[in-house]
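> Shown below is the structure under consideration.
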Amino acid sequence: MNLLYTTLGFIGIYLYVSFASLLWEGIDRKLVARMQRRMGPPLLQPFYDFLKMVSKESIIPRDSNKLFELAPVFALAAAIALLAYTPLGFGPLFGTRGDIILFIYLLTLIGFIRVLGAASSGSPYAQIGAQREMIILVSREAPMMLGIFTIMWRIRDLGVSKPFSLRALYEHNIWEIGTPMSIIGALILLFVFMAWLASEIEVGFFDIPEAETELAEGTMAEYSGRHLALFELANAIKAFVSASLVVAVFFPWGVSGYLGLTGLPAVIADLLFHTLKVFAVLFVSMSIFRAVSGRLRITQAVNMFWTRLLPASIVGALLLVIDTLGVIA
Amino acid sequence: MTGKLEYWVKVPVGPIHPALEEPEKFIITIDGERIINVDVKLGYNLRGIEWIAMRRNYIQILYLAERMCGICSFSHNHTYSRAVEEMAGIEVPERAEYIRVIVGELERIHSHLLNLGVVGHAIGYDTVLHLSWLARERVMDILEAMGGNRVNYAVNMIGGVRRDIEEKHVRAITDMIEYYREEVMPKIEEVFLYDPTVEARLRDSGVIPKRIAVEYSAQGPTARGSGVKKDVRYNERLGVYPDLGVKPITPKEFTGIVKGDVFDRMVVRVGEVWQSMELIERAIDQMPEGKIKAVPKDNALLFQLKKAEGEGIGRYEAPRGELIHYVMAEKGRDGPARWKMREPTFPNLFAIARALVGEQVADVPVAIASIDPCLSCTDRVAVVDANTGKKTVLTEKDLLKLSIEKTKDLNPKIRGKPEVVGIGCPRGDVL
C-alpha cells in the first residue's frame with residue numbers, strides 16, 4: 001500500500017514538475033523580453049511549442065545511427081528518474097543514505113546523453129556542439145561537487161539521521177553553524193553554485209554548446225519533431241531540478257511549520273513555496289544573467305571554471321570547515 | 001599536409017546560417033576548435049541588377065540603385081549620381097551637397113547602430129541587439145519624415161536632390177541628436193568600450209593586421225580599425241566634406257592602441273556615430289539657401305544626358321567603406337552603356353577570411369558580423385555553364401584574355417595589349 005502511494009506521488013510530482021518547469025520557461029522568456037523592452041511571447045508559449053513539436057514529423061538524418069532516436073527517450077527517462085531523488089521542499093521520495101551521489105550522477109547523465117545523441121546525428125555542427133558540451137561538462141562539476149560534499153560533511157556533525165542524503169538538508173542547514181567564517185564560506189559557495197547553475201542550464205556566458213549564432217543550436221541541430229520535444233522537456237526538468245538543489249542547500253526553509261499544516265496540505269504548501277524559491281533562484285541565475293551577458297569562448301569558459309570558480313570553491317570549503325579542523329580558536 | 005588531413009573537418013557556414021544576415025557561404029576547415037582554412041563562396045544573392053539596368057534610362061536607374069541594398073540605399077544612388085554627374089559634367093548646387101551630407105550621415109548613424117546590434121547578437125548578447133535597434137528607430141523616423149520611407153528615401157537626383165530640408169526637419173534632427181547624445185551614446189560606449197563580456201569576446205578576435213588590410217585593400221571601418229587612415233570623404237575631398245572638417249576615425253583616439261581586431265572595428269563605428277552627429281550639426285548651420293537641382297525638369301535632364309558621352313566614376317564613403325560606381329555613356333542612348341559598381345564588402349570579405357585562419361570557431365560569426373557584410377550589394381554577376389555543368393577554374397591570365405576579347409567586342413577601335421602585371425590575386429595561394 002505504501003509503495004502504491006509513493007508511486008502515485010511520484011507520478012504526481014512528475015506531472016507537477018513538468019508543468020512548473022515549462023511554465024518557468026514561459027515566465028523567463030516574458031521577463032527577459034521586458035528587460036529588453038520587447039513584448040515577448042505569451043506566458044504559455046512553451047506549452048504550445050511542446051504540443052506543436054509533438055505533433056510534427058521528426059526528421060532523422062541519413063548519417064545518424066540508432067542512438068540518435070534513443071537519446072531523447074533516455075534523456076527524459078533520466079530526468080524522470082532524477083525526480084525521485086530531488087528535494088522539492090521535502091525530502092526526496094526514494095531518498096536514502098548517500099543519495100546525493102546518485103543525484104549528481106543522474107544530473108550529469110542527462111548532459112552525457114545529449115552528447116551521445118548529438119555525436120550520433122552525423123552533423124558537423126552537432127559534433128562541435130558535443131565536443132563543447134563534453135568539455136564544459138567535465139569542467140563545471142568539480143567546483144560544485146567540492147562544495148556540496150563539504151556542506152554534506154559539515155552538517156553531518158550537527159547530527160542528522162542519514163548522512164550524505166538530501167533529506168539531511170531539511171534537518172540542518174549550513175547557516176545554523178553560525179560562525180562568521182562559515183557564513184562567509186557559505187556565501188562564497190552560494191556564488192559558486194549560482195555560476196554552476198547557469199552553466200548547467202547553459203545560459204549567458206555558458207550558452208556555448210547550443211550557441212545559436214555559431215553552431216545553429218549545436219547539440220540540438222539535427223533534432224526535430226517529437227524527439228526535440230522530449231529533449232526540451234528533459235532540459236526544462238533539468239533546469240528545475242538543478243535549481244532545486246541550490247534551493248535545498250541554501251534556502252531549505254518551508255512554510256508548513258508557520259502555517260500549522262500537517263499531512264498532505266503541508267506537503268503541497270511546501271512544494272508550492274519551494275517552486276517559488278526555485279523561480280527566484282532561476283530568475284537571478286538565468287533571466288538576469290542571460291539579459292546582461294553574452295557568450296564566452298569555450299577556452300575562456302573552461303579557464304573561468306578552473307582558475308576562478310574552483311579556487312573560490314576551495315576557499316569557501318576551507319572557511320566552512322576551518323573551525324572543525326581546529327586550526328584557529 | 002596529407003598525414004594530418006584526416007583529423008580536419010570541413011564545416012559549411014552558410015548559405016543559410018543563423019549567424020549570417022544574408023546568403024553567403026564560408027567553408028571552414030577546422031581542427032577541433034581551431035580554424036585551418038576559410039574558403040568564401042559568393043553568388044547566392046544574384047538578382048541581375050546590371051542586366052536590368054541595361055533596360056532602364058539614367059533616371060530610372062536611380063531607383064534601381066537604391067534597391068540594391070536596404071541599408072546603404074542612399075550611398076548607392078548618391079555614388080551613381082556622382083558618376084553620372086562626372087560623366088555629363090553637371091555642376092551640383094551647394095545646398096544640394098549639404099542635403100546629401102545630412103542624409104548620408106543620418107544613414108551612417110542608422111547603419112552603424114544596426115551593426116553594433118548585430119555584433120551583440122553574434123556573441124549571444126541579445127540585450128544589446130534589442131536596445132540598439134530600439135535606439136535606431138529614432139533615426140529611421142527622421143528619415144521617414146524626410147523621404148517618406150524608412151529605407152528607400154529617394155533623396156538623390158542626378159545634379160542635385162529631390163527633397164529639400166525644411167525647418168521642421170531641422171528641428172526634428174536637432175531633437176534626435178540631443179536624444180542620441182544624452183541617452184543612447186553613453187550606453188553604447190558603456191557596452192562597447194567598457195563591458196567585460198564584450199571586451200573578452202571582441203578583443204584579439206578576427207585580427208586584421210595593418211599589412212593585410214593594405215594588401216587586401218580593406219575598406220571603411222575595417223581598414224580604419226586596423227589603423228589605415230583611409231576615408232574617401234577626407235582623402236578625396238569629396239563634395240563639401242572638407243568644409244565640415246571630416247577626418248578618418250581610428251581606434252587610437254579612443255583606446256590609445258590599434259590592434260585591428262573586432263573590438264577596434266566596433267570602436268571605429270562608435271566614433272563615427274559621434275562624428276556623424278557633429279557633421280550633421282555643422283552642415284545644418286552652414287547650409288546656404290539656393291536651388292537644390294542643377295536641372296529642374298527631369299525630361300530636360302534626360303535629354304542632356306542622352307547627348308552626353310564619355311565615362312564617369314563616382315566615389316563615396318558608404319557606412320561599410322569606399323563605394324565606387326562606374327558609368328560609361330554612349331551618345332544617343334538614354335541609359336548607360338555600362339554600369340559597374342565595386343562594393344566595400346567584397347575586399348573586406350577576403351580580408352576577414354584571411355584573418356580568421358588560426359582563430360576559433362566561436363569567432364566566426366562575430367568576425368563576419370564585424371565587417372558588416374552587405375551581400376545583396378556584392379552579388380551581381382555570376383557565370384554558369386548550363387550546357388555542360390563542368391567546373392573550370394579561371395586563372396588571372398584567362399580572365400585577362402576574356403576581358404580583352406570583350407573590350408574588342410565592345411569597341412574595336414581600342415588597340416593595346418595589356419600584360420599580366422603584379423603577383424595577381426593575393427588570396428590565390430591562401431584559398
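The values are calculated or read from the model by the stated rules, or taken from the named source; none is laboratory data. This one's a predicted model, so the numbers in the text were calculated from it and none came from an experiment. Using ideal geometry, Cβ is built from the backbone for each residue, glycine included, and neighbour counts are taken over all protein chains shown.
> Every residue in segment B:291-332 that is in a loop (DSSP other than H, G, I, E, B), in contact (Cβ under 8 Å) with a residue 40 or more places away in the chain and charged (D, E, K, R), please.
B:291, B:320
> Then there's this: Are there any pairs, at least 6 apart or on different chains, whose C-beta atoms fall under 7 Å, with the first in segment B:198-224 and within 11 Å of another protein chain (Cβ to nearest Cβ) and under 25 Å from residue B:117 (Cβ atoms) and the second buried (at least 24 other Cβ atoms within 10 Å of the Cβ) and of a type in the set (A, V, I, L, M), and if so, which?
Going by the 7 Å Cβ cut-off, the qualifying pairs are B:201/B:123; B:201/B:366; B:202/B:262; B:202/B:266; B:202/B:366; B:205/B:262; B:205/B:366; B:205/B:367.
> Pull up segment B:357-372, narrow it to residues that are surrounded by fewer than 24 Cβ atoms within 10 Å (Cβ to Cβ) and not small (Gly, Ala, Ser), then point me to the one that is modelled with the highest pLDDT.
Filtering first and then ranking leaves B:357.
> Examine segment A:211-229 for a residue that is over 30 Å from residue B:196 (Cα atoms), part of a helix (DSSP H, G or I), at pLDDT below 80 and away from chain B (no Cβ under 14 Å), and state whether such a residue exists.
Within segment A:211-229, not a single residue is over 30 Å from residue B:196 (Cα atoms), part of a helix (DSSP H, G or I), at pLDDT below 80 and away from chain B (no Cβ under 14 Å).
> Would it be correct to say that residue A:62 is surrounded by fewer than 18 Cβ atoms within 10 Å (Cβ to Cβ), among the charged types (D, E, K, R) and free of Cβ contacts under 8 Å to residues at least 12 places away in the same chain?
When the stated conditions are applied, residue A:62 does not pass them.
> Right, next: In segment B:274-313, how many are touching a strand residue (DSSP E or B) at 6+ places or on another chain (Cβ under 8 Å) and within 20 Å of residue B:106 (Cβ to Cβ)?
1
> Report whether or not residue A:197 is farther than 30 Å from residue A:62 by Cβ, surrounded by fewer than 20 Cβ atoms within 10 Å (Cβ to Cβ) and away from chain B (no Cβ under 14 Å).
When the stated conditions are applied, residue A:197 does not pass them.
> Name every residue in segment B:197-231 that is β-branched (Val, Ile, Thr) and either outside any helix (DSSP H, G or I) or crowded, with 23+ Cβ neighbours inside 10 Å (or both), in order of residue number.
Across segment B:197-231, the qualifying residues are B:198, B:207, B:208, B:222, B:228.
> Of the conditions (1) within 14 Å of chain A (Cβ to nearest Cβ); (2) touching a Pro at 6+ places or on another chain (Cβ under 6 Å); (3) at pLDDT below 80, residue B:27 clears all except one; give me its number.
(3)
> Given the options A:290, A:308, A:295, name the one that is within 14 Å of another protein chain (Cβ to nearest Cβ), loosely packed, with under 15 Cβ neighbours inside 10 Å and either of a type in the set (Ser, Thr, Tyr) or within 25 Å of residue A:207 (Cα to Cα) (or both).
Residue meeting the stated conditions: A:308.
> Looking at segment A:304-318, is at least one residue without any contact (Cβ under 8 Å) to a residue 40 or more places away in the chain, part of a helix (DSSP H, G or I) and basic (Lys, Arg)?
yes
> Then there's this: Restricting attention to segment B:88-142, which residues are in contact (Cβ under 8 Å) with a residue 60 or more places away in the chain, more than 27 Å from residue A:293 (Cα to Cα) and not charged (D, E, K, R)?
Listed by number, the residues that qualify are B:88, B:89, B:90, B:92, B:93, B:96, B:98, B:99, B:101, B:102, B:104, B:106.
> Which residues, counting only those in segment B:298-316, are more than 29 Å from the chain's Cα centre (by Cα) and either surrounded by fewer than 17 Cβ atoms within 10 Å (Cβ to Cβ) or aliphatic (A, V, I, L, M) (or both)?
Matches in segment B:298-316: B:299, B:300, B:303, B:307.
> Tell me, please, whether a residue that is assigned to a helix (DSSP H, G or I), away from every other protein chain (no Cβ under 14 Å), small (Gly, Ala, Ser) and in contact with a strand residue (DSSP E or B) (Cβ under 7 Å, 6 or more places away or on another chain) can be found in segment B:108-126.
The answer is no; no qualifying residue exists.
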